[in-house]
Amino acid sequence: MSELAQRLIEENKQTRATFLDLGNCGLTEVPVEIGELAWLEALSFSSYWWEDGEWKKLRIPVLPTIFGA
């Protein structure tokens, strides 16, 4: 997990904000620490970047069972 994602998760633990944006953190998987943030109502992993003449979007293929899926 990136340092930025770690910092944002730790900040959320302190503030208990109901929204957490982990977009553009370079994530390739969902951090297990997200399961500790029971107060979250919305969570964003959206990441877009320009490559080879087109906009690309990060896609995390499978959400882990921390979401009860």
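The values are calculated or read from the model by the stated rules, or taken from the named source; none is laboratory data. Given the structure is predicted, the values throughout are model-derived calculations rather than measurements. Neighbour counts run over all protein chains shown; Cβ positions are idealised from the backbone, glycine included.
Every condition in (1) at pLDDT 90 or above; (2) out of contact with any helix residue (DSSP H, G or I) (no Cβ under 6 Å at 6 or more places or on another chain) holds for residue 45 except the one numbered (1). Scanning region 6-32 for residues that are of a type in the set (S, T, N, Q) and on the phi > 0 side of the Ramachandran plot returns a single hit, 24.
From the list 34, 60, which one is aliphatic (A, V, I, L, M) and at pLDDT 85 or above? So that I can check it myself, show each step before the final result.
Working: 60 fails: at pLDDT 85 or above.
Of 34, 60, the one residue that is aliphatic (A, V, I, L, M) and at pLDDT 85 or above is 34.
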